[in-house]
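Novice: Below is a structure I'd like to ask you about.
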Ligand code: G3P
């Protein structure tokens, strides 16, 4: 499973890339707004320049024609940019047109298997089921990811599944087990994934043991 960072924070992205584990980035208007940079294009371009893999940038408009127009603009910002479009009837129309033009689309805000199926049929390169937000309303977000992976395999769809709205390391483990191609995760979760108390204790013990000999 590939790990993407779900953030628009440049420092977090730089660190993740330096660690050698971040294969892409997903942003959304809320995450970009959090950075306090009102220049959406400039911020998105900076992110694309840091990340070696795909960077999802969401359209900021509604309506088929407006999404297509903005999607075409966003697609020109960088070679690795992916246009993010909502999983709606309008989003499907926009995705069909954009994908036929060779523009990669990540269909986002996916909360059902039917939405995911339609997203794939419309030509989405990626579909993003929101795990945490489904869990929040008492549903089982990871079951949706599992079902989408299974159905896409049944029909050999090339659309990749991005487990999104990830809230904790257990979500990453579960996403990997059910076969999601990608989990897009907050930076804090990436750091949590690197940590284990026995690793920390082990390092201290190894160094302390060596110091006992080195001091003699
Ligand atoms: O990738 C989607 C993600 O940004 C949504 O996460 O935590 O706002 O549900 P969250």
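The values are calculated or read from the model by the stated rules, or taken from the named source; none is laboratory data. Keep in mind the model is a prediction, meaning the values are calculated, not measured. All Cβ positions, even for glycine, are placed from backbone atoms using ideal geometry, and neighbour counts span all protein chains on display.
Novice: Could you please tell me which pairs satisfy a Cβ distance under 7 Å, a separation of 6+ or placement on different chains, a first residue in the stretch 58-69 that is on the phi > 0 side of the Ramachandran plot, and a second residue that is surrounded by 13 or more Cβ atoms within 10 Å (Cβ to Cβ) and assigned to a helix (DSSP H, G or I)?
Specialist: 63/90
Novice: Residue pairs, Cβ under 6 Å, 6 or more apart or interchain, first in the stretch 133-154 and over 23 Å from residue 121 (Cβ atoms), second modelled with pLDDT of 95 or more and more than 15 Å from the ligand (Cβ to nearest atom). List them.
Specialist: 142/174
Novice: Moving to a separate point now. Output the number of the condition that residue 56 fails; it satisfies all remaining conditions of (1) touching a helix residue (DSSP H, G or I) at 6+ places or on another chain (Cβ under 7 Å); (2) modelled with pLDDT of 95 or more; (3) surrounded by 16 or more Cβ atoms within 10 Å (Cβ to Cβ); (4) within 28 Å of residue 175 (Cα to Cα).
Specialist: All conditions are met except number (1).
Novice: Still on this structure, I have one more. Could you please let me know if residue 56 is within 19 Å of residue 179 (Cβ to Cβ) and within 15 Å of the ligand (Cβ to nearest atom)?
Specialist: Criteria not met by residue 56.
Novice: Return the only residue of 188, 176 being touching a residue at least 40 places away in the same chain (Cβ under 8 Å), part of a helix (DSSP H, G or I), under 21 Å from residue 4 (Cα atoms) and out of contact with any helix residue (DSSP H, G or I) (no Cβ under 7 Å at 6 or more places or on another chain).
Specialist: Criteria check complete, one pass: 176.
Novice: Also, quick follow-up: Which of the residues that make up the stretch 100-143 are outside any loop (DSSP other than H, G, I, E, B), within 19 Å of residue 88 (Cα to Cα), within 16 Å of the ligand (Cβ to nearest atom) and out of contact with any helix residue (DSSP H, G or I) (no Cβ under 6 Å at 6 or more places or on another chain)?
Specialist: Within the stretch 100-143, 106, 108, 109, 115, 119, 126, 128, 130, 133 meet the criteria.
Novice: Can you tell me how many residues in the stretch 10-41 are in contact with a helix residue (DSSP H, G or I) (Cβ under 7 Å, 6 or more places away or on another chain) and in a helix (DSSP H, G or I)?
Specialist: The total comes to 8.
Novice: Please enumerate the residues belonging to the stretch 146-170 that are touching a strand residue (DSSP E or B) at 6+ places or on another chain (Cβ under 7 Å) and farther than 15 Å from residue 118 by Cα.
Specialist: 162, 163, 164, 165, 166
Novice: Okay, moving on. Please enumerate the residues belonging to the stretch 145-169 that are within 15 Å of the ligand (Cβ to nearest atom) and closer than 29 Å to residue 196 by Cα.
Specialist: Within the stretch 145-169, 145, 161, 162, 163, 164, 165, 166, 167, 168, 169 meet the criteria.
Novice: Quick check on residue 3: is it assigned to a helix (DSSP H, G or I) and surrounded by 21 or more Cβ atoms within 10 Å (Cβ to Cβ)?
Specialist: No.
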